[in-house]
Amino acid sequence: MTRIAFFDTKPYDRVWFDQYAADFGFQITYYESKLNEQTSALADDFEVVCAFVNDTINEQVLETLYQKGVRLLAMRCAGYNNIDFKAAFGKIHIVRVPAYSPYAVAEHAMALLLSAVRHTHHSYVRTREFNFSLNGLVGFDLHGKTIGVVGTGKIGRIFIDICKGFGMQVLCFDPYPDPALEAHYTDFEDLCRRSDIISLHCPLTEDSVHLINRRSIGWMKDQVVLINTSRGALVDSHALLEGIRSKKIGAAALDVYEEEGEVFYEDKSSTILDDDVLMLLISMPNVLVTSHQAFLTREALQNIAKTTLTSIESYVKGEVMEHEICYQCDTCHKISGQRCF
Ligand code: NAI
């Protein structure tokens, strides 16, 4: 029976994986700890490891996993910026779940936007304390506003459709524009200059680290609203904080944060956080933070479990894995219909 070591387990992860694992004939051992240099040895005698977005998957961790007998790393997420692909190549195959519910993320982005501009999160707290005052809750209509969508892939294009439903004007930036998409593409600077709201839907890459920085914030309209449901390091948090303090940024809604690794997904309510920037951001009345939960719908969790286990089954059967990735997928064996190596 194939044994899977499952890291960074939360109760909601187990619901669907437990349900399907038996059908696939797999045995899963769940570890609550994240995968990192200290925990990688737990994968002793497992052929497959299942990991997540905030696990540390560097050269040292991959080497330990390889020495322990791991030959497949199944990421139960879409993003993979936390993996040293070069260190894995030739040793450990890597699969991911490229799309589990782009609707979940796009809908959460709109939920954040609506809360940010209509102050729903403040109203909720007020009315629970029988404070029915409307002072300070003036919002603005989304209808007729210009929204800049950065990244027009699976999530970005669903978000664009939602925004069009609200009667918004949509501007897009993507280094690989899709000519089939009915959208107005422009360059990033122009998008920043013309948008009332900017929403990020691109991956974190060497080119996109700190895409939102002092310079690009400087291009933006006064009182711009920024939504980030992609990856934290797309935004320079210090620059964001400055933009909020100077009142250049009207509101920010963040589902991700560049230093989220040790904090998000955990209950830190009785801890003093080490991260001053995060504490200051959370303390701002016009900043709304959710804990990387955009993906968290029943449909997404079900798809994540099915797709991950199907990839593992393909690996066990010696078949090509549809969702395998490496650092050179444009030249690896995949182009001739085989595994990456
Ligand atoms: P996708 O791969 O379908 O689309 C990404 C798009 O971004 C592509 O069109 C690509 O050309 C474009 N792009 C690449 N570099 C860019 C840059 N520097 N500037 C602008 N556009 C750029 O990916 P998908 O499924 O739409 O996901 C987008 C991102 O959402 C993921 O990379 C991930 O970081 C994030 N995500 C967040 C989740 C959450 O729970 N908060 C869950 C799932 C994904």
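For the reader, a short list of remarks on this structure follows.
- For the stretch 194-247, the relative contact order works out to 49 percent when only alpha carbon pairs closer than 8 Å and six or more residues apart are counted.
- Cα gyration tensor shape of the stretch 178-325, rounded if a/c is under 1.5, else prolate or oblate by comparing a/b with b/c: oblate
- Per residue, the stretch 1-154 exposes 47 Å² of accessible surface when a 1.4 Å probe is rolled over the protein heavy atoms with every protein chain present.
- Surface composition of the stretch 196-293: carbon plus sulfur atoms hold 50% of the accessible area, using a 1.4 angstrom probe and ignoring ligands, DNA and RNA.
- Computed over the chain, the quotient of the alpha carbon radius of gyration and 2.2 N^0.38 Å is 1.05.
- Take the Cα of residue 213, step 7 Å toward its Cβ, do the same at residue 130, and the gap between the two points is 5.3 nm.
- Spatial separation of Cα centroids for the stretch 175-225 and the stretch 24-44, in angstrom: 38
- Evaluated at q = 0.14 Å⁻¹: base-10 log I(q)/I(0), Debye formula over Cα of the stretch 102-289: -0.78
- With R₀ fixed at 41 Å, the C-beta to C-beta distance from residue 272 to residue 188 puts the FRET efficiency at about 0.60.
- Accessible-area value, residue 185, 1.4 Å probe, nucleic acids and ligands omitted, Å²: 60
- Accessible area in square angstrom per residue, the stretch 158-241, 1.4 angstrom probe: 46
- Aspartates and glutamates with Cα under 17 Å of residue 68, excluding same-chain neighbours fewer than 8 positions away: 37, 44, 45, 47, 59
- Ranked order, 229, 205 - accessible area, probe 1.4 Å, largest first: 205, 229
- Label positions at residue 81 and residue 339, each projected 7 Å from the Cα along the C-beta direction, are separated by 2.9 nm.
- Calculated FRET efficiency for the pair residue 67/residue 222, C-beta based, R₀ 41 Å, to 0.05: 0.15
- Full extension of the chain between residue 329 and residue 32 yields a length gain of 103.7 nm, computed as 0.36 nm times the residue separation minus the alpha carbon distance.
- Ranked by the mean number of other Cβ atoms within 10 Å of their residues, highest first, the peptides 170-183, 91-104 fall in the order 91-104, 170-183.
- Multiplying the residue separation of residue 164 and residue 143 by 0.36 nm and subtracting their alpha-carbon distance yields 6.7 nm.
- FRET efficiency estimate (nearest 0.05) - Cβ-Cβ, residue 302 to residue 45, R0 25 angstrom: 0.30
- Each Cα pair under 8 Å and six or more residues apart adds its separation to the average, and for the chain the resulting relative contact order is 17 percent.
The values are calculated or read from the model by the stated rules, or taken from the named source; none is laboratory data. Everything quoted here is computed from the prediction, not taken from an experiment. In this analysis, Cβ positions are derived from the backbone assuming ideal geometry, glycine residues included, and neighbour counts consider all displayed protein chains. Areas reflect the complete protein model, heavy atoms only, side chains present, ligands, DNA and RNA absent. Shrake-Rupley method; radii C 1.70, N 1.55, O 1.52, S 1.80 Å.
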